[in-house]
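Report on the structure given below.
The values are calculated or read from the model by the stated rules, or taken from the named source; none is laboratory data. In this text the structure is predicted, and so the values were computed from the model without any measurement. Cβ sites come from the backbone with ideal geometry, for glycine too, and all protein chains shown count toward neighbours. Calculation scope for accessible area: heavy atoms of the full protein, side chains included, ligands and nucleic acids excluded. Shrake-Rupley method; radii C 1.70, N 1.55, O 1.52, S 1.80 Å.
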Amino acid sequence: MASPYLENPVDIGAQIVQRALRRERVIRDKQNPLAFSDEHLYERYRFSSGGMLYLCRLLEPHIKNPTRRSHATTVPQMICIALRFFASGTYLYEVGDAEKLSKNTVCRTIRRVVIALQRYINTFIAFPGHLPTVAIKDGFSKIAGFPRVIGAIDCMHIPISTPTKQIEADYLNRNATHSLNVQITCDHQCMITSLDARWPGSMLDTQIFEKSSLCQRFQEGLFDGLLVGDRTYACQSFLMTPYPDPETKPQNDFNIALSQTRLKIDTTFAILKARFNCLRDLRVSPERASQIVGACVILHNIATIRKERVPNEYQLPPDDIDPFTQDHPTGRGVRDAITAEYFS
């Protein structure tokens with residue numbers, strides 16, 4: 001029975017239980033945003049504490065404030081600000097509210113981190129990858145038995161703000177929205193191995209590939225292996241695409257194996273956009289958007305190398321295929337030879 005003489009009339013037994021179940025308060029250093037659990041950090045920043053400490057060490061020489069005067073932001077705070085924006089894609093003032101900083105500080109900090117990450121673009125993005133070529137071929141071959149593959153290729157559209165009138169029409173895609181058309185290749189582990197984020201949304205995938213340095217290097221014979229792509233691309237001696245109208249079982253089997261193999265690039269796109277929601281709508285100019293895409297790709301590769309958690313839910317992008325392109329005779333010859341040797 002509750003005592004009428006107690007200020008808070010609760011049974012003594014209940015009070016004892018309450019005290020026993022009361023959680024111990026944990027005092028965290030507000031200047032150290034990494035003093036939280038990995039679960040907390042991952043939900044907000046997409047990296048564990050170990051991953052974020054790695055980023056701090058990597059970027060500190062390029063972003064550290066020379067003084068702590070006027071309560072300048074620390075390197076961990078800067079990393080958290082940028083990662084929260086990349087991960088959430090929300091407005092800058094909302095990032096500022098979450099991190100208890102002004103919108104202007106958030107904007108400057110994101111810019112500094114993006115520019116710092118650009119310094120490592122050739123370190124973390126390399127074709128055909130960081131593994132030996134033989135290992136990459138073997139990894140792709142284990143998917144569906146398709147031989148000699150060293151990369152899967154495709155493009156994805158990144159929505160951006162309306163550009164200036166002089167160039168606005170160039171960035172209108174087939175859906176009448178403004179975007180960048182970003183070319184990416186990946187390996188069998190969903191590591192991004194090349195990136196071309198310069199082109200407006202009106203450019204076709206095959207046009208971007210033909211203008212890319214990757215295509216030129218393949219034409220010069222610098223790689224021992226093949227790319228796989230969809231029917232957007234012309235079949236070439238180094239780029240395999242499906243038979244447009246398979247007439248035999250071997251041709252159909254070729255198409256199935258190629259489709260299963262190139263699914264890695266769709267999975268890579270899905271994971272990239274699930275990790276960094278800002279890529280679903282970048283409310284910035286084309287130039288800034290290109291730099292942010294590069295920063296997110298570098299972070300994706302760092303996360304993949306460090307085996308950071310993959311987002312629990314991600315959706316494969318819908319098929320959005322440009323008009324079919326005429327295949328090259330040499331490409332048809334290589335495709336027929338692969339079909340005869342591996343799928344007959």
Span-like helix ranges in the chain, DSSP H, alpha carbon extent 15 angstrom or more, Kyte mean at least -1.0: 49-63, 75-88, 103-118, 133-144, 249-275, 286-305, 329-342
Charge dipole (debye, nearest 20) of the stretch 38-120; +1 at Cβ of Lys and Arg, -1 at Cβ of Asp and Glu: 480
Cβ-Cβ FRET estimate between Thr162 and Thr330, R0 fixed at 51 Å, reported to 0.05: 0.75
Residue-by-residue Karplus 3J(HN,Hα) for the stretch 126-131, coefficients 6.51, -1.76, 1.60, Hz, glycine and proline x: 9, 9, x, x, 8, 8
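Ordering Glu60, Glu247 from largest to smallest accessible area (1.4 angstrom probe), what's the sequence?
Values: Glu60 70, Glu247 160 Å².
The ranking, largest first, comes out as Glu247, Glu60.
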For the stretch 38-120, accessible area per residue (1.4 Å probe, heavy atoms of protein chains only), Å²: 51
Peptide ranges 41-52, 158-169, 134-145 listed from the most packed, as the mean C-beta count within 10 angstrom indicates: 41-52, 134-145, 158-169
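Report the net charge of residues surrounding Leu131, where surrounding means a beta-carbon distance below 15 angstrom and charges are Lys +1, Arg +1, Asp -1, Glu -1. Mind showing how you got there, number by number?
Values: positive: Lys137, Lys142, Lys264, Lys307; negative: Asp138, Asp187, Asp224.
Here the charged neighbours net out to +1.
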Rg/Rh (Cα only; Kirkwood hydrodynamic radius) as it applies to the chain: 1.11
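Rounded if a/c is under 1.5, else prolate if a/b is larger than b/c, else oblate: which is the stretch 129-184, with a ≥ b ≥ c the root eigenvalues of its Cα gyration tensor?
Values: a/c = 5.24, a/b = 3.32, b/c = 1.58.
The shape class here is prolate.
What is the sum of charges around Gln216, taking Lys and Arg as +1, Asp and Glu as -1, for the other residues whose C-beta is under 15 Å from the C-beta of Gln216? Provide the component values of the computation, followed by the final result.
Numbers: positive: Arg198, Lys211, Arg217; negative: Asp196, Glu210, Glu220.
Net charge in that neighbourhood comes out at 0.
Quick one: putting +1 on the C-beta of Lys and Arg, -1 on the C-beta of Asp and Glu, what dipole do you get for the chain around its Cα centre, in Debye to the nearest 20? Before the final figure, lay out each step's value.
Values: 41 positive and 36 negative charges, 357 e Å.
Computed about the Cα centre, the dipole is about 1720 debye.
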Proximal lysines to Lys137, defined as alpha-carbon separation beneath 30 angstrom and excluding residues fewer than eight positions away on the same chain: Lys211, Lys249, Lys264, Lys273, Lys307
Overall form of the stretch 38-120 per C-alpha gyration tensor (a/c, 1.5; a/b vs b/c): rounded
